[in-house]
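First up is the structure itself, then whatever we jot down about it.
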Ligand code: AMP
Ligand code: GLY
């Protein structure tokens, strides 16, 4: 069958790499893709949120399944667009309905869902411009640090954690009245601060049954020792040693199961990935957020460890037959190290020629922000490429990624040299 994958990052390159290994996949189309995907699939220069252009592409190329990488098209309702269009209704979209995508699109919606279904989460309240003074008063009843979250999508920047009360109150005003994050901060969730180790749980669901995917940890800060600004993610490791069977059991029974049951109880159509952000507070997992997509760069270590055919998995999701599939996982560790543009996550330059890729051996290069300029591969984003390797242990895998990075060059290339150090 012909398949369309929407997105352009390392996550999508990892999906593409896996999907083309499937005998079920004839032609893989990717929109808009990147230089890495252009080498293995048919890339089409359309935006994933231009639904009419997606429709034309699908109909003209006899595409029989659409896999959605990023959250944007999901929050904008691509699942419902297909479902409600007579010509597209029979074509499955892997991703939640617009209602389901609100779990990521609105922090308040997510909090209400969590509370309603008795899923452990931090105490909270939410405020608007009209209730800003109540919000300031509420802050003064809490202990520092204060956690302020813009309700809507804010490109991963909408969460502020502040030590000082007066500063937190001022930031609340900036968000609600000063529109610090535009419309995304017209509403703000104020949340109890949770002190513990962060971890993520990745789930694939057909809306009724589910599969928990291999565990992964990402490294969000730009600097070594987890210092400096937040990024999309600088590297990842799978599996995560501190996630014991006991902890996983708690996550499944207290969080994953009630989440999927909640979809059914609330009539939320959900055929896709759920990425649950957790904080482990003294052995008790507590939800801090839902995302309605896979993590990036976690996908670049999770997908390589899946032995099961990904297209077969997606078909089972579409046909609500996920319960009939056994997930097979590679026992080896996988690690990935992200190469980024100098200056990222602040201002950076694009268009740097990337050399040495042909010398990489024993690692997989997943492109993120790259494109072709003639026959040159050039940088085209902050996160440029993820270098993934396998090993019997994660230090062994990491050593391969770092050895291959030595062979790759582009002007002002930057990467973290301490991925996984905290797990040693
Ligand atoms: P989010 O966008 O909800 O993932 O939040 C971004 C980051 O803020 C998370 O990765 C956590 O490091 C942190 N965070 C969010 N909520 C809390 C909380 N309630 N307590 C402590 N840290 C939090
Ligand atoms: N790596 C975190 C994310 O994808 O949101």
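Conditions first: (1) over 30 Å from residue 382 (Cα atoms); (2) within 14 Å of ligand 1 (Cβ to nearest atom). Residue 313 passes all but one, so which condition is the exception?
Here residue 313 meets the rest and fails (2).
Restricting attention to the stretch 206-239, and to residues there that are more than 13 Å from ligand 2 (Cβ to nearest atom) and surrounded by 22 or more Cβ atoms within 10 Å (Cβ to Cβ), which single residue is farthest from the chain's Cα centre (by Cα)?
The extreme case among them is 206.
Of the residues 289, 320, 328, 300, which single one is more than 16 Å from ligand 1 (Cβ to nearest atom) and either within 30 Å of residue 406 (Cβ to Cβ) or within 20 Å of the chain's Cα centre (by Cα) (or both)?
Working: 289 fails: more than 16 Å from ligand 1 (Cβ to nearest atom); 320 fails: either within 30 Å of residue 406 (Cβ to Cβ) or within 20 Å of the chain's Cα centre (by Cα) (or both); 328 fails: either within 30 Å of residue 406 (Cβ to Cβ) or within 20 Å of the chain's Cα centre (by Cα) (or both).
Answer to the check: 300.
With respect to residue 34, is the statement that it is surrounded by 18 or more Cβ atoms within 10 Å (Cβ to Cβ), more than 20 Å from residue 156 (Cα to Cα) and modelled with pLDDT of 95 or more true?
Here the answer is yes, as residue 34 does meet what is asked.
Here's the yes/no breakdown for (1) away from ligand 2 (no atom under 16 Å from the Cβ); (2) in a strand (DSSP E or B); (3) modelled with pLDDT of 95 or more; (4) surrounded by 22 or more Cβ atoms within 10 Å (Cβ to Cβ):
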{"position": "261", "(1), (2), (3), (4)": "yes, no, yes, no"}
{"position": "268", "(1), (2), (3), (4)": "yes, no, yes, no"}
{"position": "271", "(1), (2), (3), (4)": "yes, yes, yes, yes"}
{"position": "286", "(1), (2), (3), (4)": "yes, yes, yes, no"}
{"position": "303", "(1), (2), (3), (4)": "no, no, yes, yes"}
{"position": "308", "(1), (2), (3), (4)": "yes, no, yes, no"}
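Hand me the list of strands (runs of 3 or more DSSP E) wholly inside the stretch 196-253 holding 3 or more residues that are touching a residue at least 40 places away in the same chain (Cβ under 8 Å) and within 16 Å of ligand 1 (Cβ to nearest atom).
Numbers: elements: 197-205, 210-212, 221-223, 227-230, 235-238.
Qualifying strands (runs of 3 or more DSSP E): 197-205.
Taking residue 150 and the conditions (1) more than 11 Å from ligand 1 (Cβ to nearest atom); (2) modelled with pLDDT of 90 or more, which numbered condition does it fall short on, given that it satisfies the others?
(1)
Filter the stretch 176-191 for residues that are part of a loop (DSSP other than H, G, I, E, B) and either loosely packed, with under 15 Cβ neighbours inside 10 Å or within 16 Å of ligand 2 (Cβ to nearest atom) (or both) and give the result. Step through it out loud before you land on a result.
Of the stretch 176-191, the ones part of a loop (DSSP other than H, G, I, E, B) are 177-181, 186.
Within the stretch 176-191, 177, 178, 179 qualify.
Out of the stretch 344-370, which residues are part of a strand (DSSP E or B) and either at pLDDT below 95 or within 20 Å of residue 299 (Cβ to Cβ) (or both)? I'd like the intermediate steps shown before the answer.
Step one: filter the stretch 344-370 for residues part of a strand (DSSP E or B), giving 353, 355, 364-367, 370.
Listed by number, the residues that qualify are 364, 365, 366, 367, 370.
Which numbered condition trips up residue 371, out of (1) surrounded by 21 or more Cβ atoms within 10 Å (Cβ to Cβ); (2) within 16 Å of ligand 1 (Cβ to nearest atom)?
So residue 371 meets the others, but not (2).
Step by step: first the residues of the stretch 310-331, then only those that are in contact with a helix residue (DSSP H, G or I) (Cβ under 7 Å, 6 or more places away or on another chain) and outside any strand (DSSP E or B), then the one that is farthest from ligand 2 (Cβ to nearest atom). Which residue is that? Don't jump to the end; show me each part of the working.
If we filter the stretch 310-331 for residues that are in contact with a helix residue (DSSP H, G or I) (Cβ under 7 Å, 6 or more places away or on another chain), which is where we start, we get 310-311, 316, 322, 324-325, 329-330.
From what's left, outside any strand (DSSP E or B): 310-311, 316, 322, 324-325, 330.
On the way: 310: 18, 311: 23, 316: 24, 322: 23, 324: 29, 325: 25, 330: 21 Å.
Looking at the filtered set, the residue picked out is 324.
Take the conditions assigned to a loop (DSSP other than H, G, I, E, B) and touching a helix residue (DSSP H, G or I) at 6+ places or on another chain (Cβ under 8 Å) and apply them to residue 295. Does it pass? Walk me through how you get there before you give the answer.
Values: assigned to a loop (DSSP other than H, G, I, E, B): yes; touching a helix residue (DSSP H, G or I) at 6+ places or on another chain (Cβ under 8 Å): yes.
Yes, satisfied.
Looking at (1) surrounded by 17 or more Cβ atoms within 10 Å (Cβ to Cβ); (2) under 16 Å from residue 222 (Cα atoms), can you tell me which one residue 389 breaks?
The number of the failed condition is (2).
Can you find a residue that is within 16 Å of ligand 1 (Cβ to nearest atom) and either under 24 Å from residue 265 (Cα atoms) or surrounded by 17 or more Cβ atoms within 10 Å (Cβ to Cβ) (or both) anywhere in the stretch 76-95? Walk me through it before giving the result.
As a first pass, look at the stretch 76-95 and keep what is within 16 Å of ligand 1 (Cβ to nearest atom): none.
No, because not a single residue in the stretch 76-95 is within 16 Å of ligand 1 (Cβ to nearest atom) and either under 24 Å from residue 265 (Cα atoms) or surrounded by 17 or more Cβ atoms within 10 Å (Cβ to Cβ) (or both).
Among the residues of the stretch 114-134, is there at least one that is in contact (Cβ under 8 Å) with a residue 24 or more places away in the chain, within 24 Å of residue 296 (Cα to Cα), within 12 Å of ligand 1 (Cβ to nearest atom) and outside any helix (DSSP H, G or I)?
yes
Could you list, in sequence order, all residues of the stretch 153-164 that are more than 9 Å from ligand 1 (Cβ to nearest atom), part of a loop (DSSP other than H, G, I, E, B) and buried (at least 16 other Cβ atoms within 10 Å of the Cβ)? Quick ask: steps written out before the conclusion?
Quick first cut of the stretch 153-164, residues more than 9 Å from ligand 1 (Cβ to nearest atom) only: 153, 155, 162-164.
Still in the list and also part of a loop (DSSP other than H, G, I, E, B): 153, 155, 163-164.
Residue satisfying the conditions is 153 alone.
The values are calculated or read from the model by the stated rules, or taken from the named source; none is laboratory data. Computed from a predicted structure; not experimentally measured. So basically every Cβ, Gly included, is an ideal-geometry build from the backbone, and we count neighbours across all protein chains shown.
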